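K.L.:
Dropping the structure in here first, questions after.
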Amino acid sequence: MKTRRTGGTAPVAATPPPSAGAHRLVWVKRGAVVARDAGTIYLVPQGHGLWAPAGSTISTHVAPGSDVGSTSLHIALLPMRFATVAGFEIAAPARRESWPGTADGRERDTWHAVSDVLTPAHPAMTLVLPSDPTLREIAEKILGAPSGSHVTERYAAATGMQAATLSSRFRRQTGLSLSQWHSRVRLYAAVFLLGQGISAGEVAHSIGYAGPSGLSAAHKRLFGVTPMAFKRRGRRSSLDGAVGFEVDLPCPIADTPEPTPPHQP
């Protein structure tokens, strides 16, 4: 088992090398992380984690000032819910009941303690990227500057498509209309900025909301809770007790290209 703490201000590009054969779990104790694989973006806010099975290639962008833990595990048999990359909410603080003397025993012990408190993250914390080159280019532009408005009309004009056609194509590939997809990116950017300790007023202004109340309302519509309630809930959860940071060995960090993070002012 390997564990790592991240508390600095620099973004971290991280991936378990496909040949390593180790599963990877990252969790956020404070702040936020935006992760990405070839076709999906994952929002990992405070009190949440991201599971990447062996062979997965995940790049991550850590909000400056975040406190992030990670561990790698070699577990042969996994439940189906851990077969693919997935976001999880940490339902309660994890506690390690015993600590067997062998390496295999330690990993099994850690796995049981950790898996018991992981529940699937809110579905809105996963965002599918379109595969069509034209739509992917639009998606990347929105990720780089999520505060724009009237995106459907603007990109329809730029591509020569009808707005309804563009929105329909986007929905077929991502499950969301272009407008809905853009709204979710804006909230991902807001959570990322709030995770840095930036005030709700500043975040709302930079992302294009009328004010903190508009941001709070949009956050509650998507995630079911306000940003403040979201943050309070996250403070109560951690995996530290199960993983044990006294074993402070480096996790595999590869030199992978960093994803384009949500735009920061």
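K.L.:
Please state the shape class of region 116-200: rounded when a/c is under 1.5, otherwise prolate if a/b exceeds b/c and oblate if not, all from the C-alpha gyration tensor.
P.N.:
It comes out oblate by the Cα gyration axes.
K.L.:
On to the next question. Name the residues of region 123-161 whose amide N is less than 18 Å from a point 7 angstrom out from the Cα of residue 84 along the C-beta direction?
P.N.:
Once the point is set 7 Å along Cα→Cβ of residue 84, 123-132 turn out to lie under 18 Å by backbone N, inside region 123-161.
K.L.:
Sticking with this one: For residue 129, what residues show an amide H to amide H distance below 5 Å, using hydrogens built from the backbone and excluding near sequence neighbours?
P.N.:
Counting only residues 5 or more places away or on other chains, the set is 40, 41.
No value in this document is a laboratory result; all are computed from the given coordinates. Given the structure is predicted, the values throughout are model-derived calculations rather than measurements. Here the Cβ is made from the backbone with ideal geometry for all residues, glycine too, and neighbour counts use every protein chain on show.
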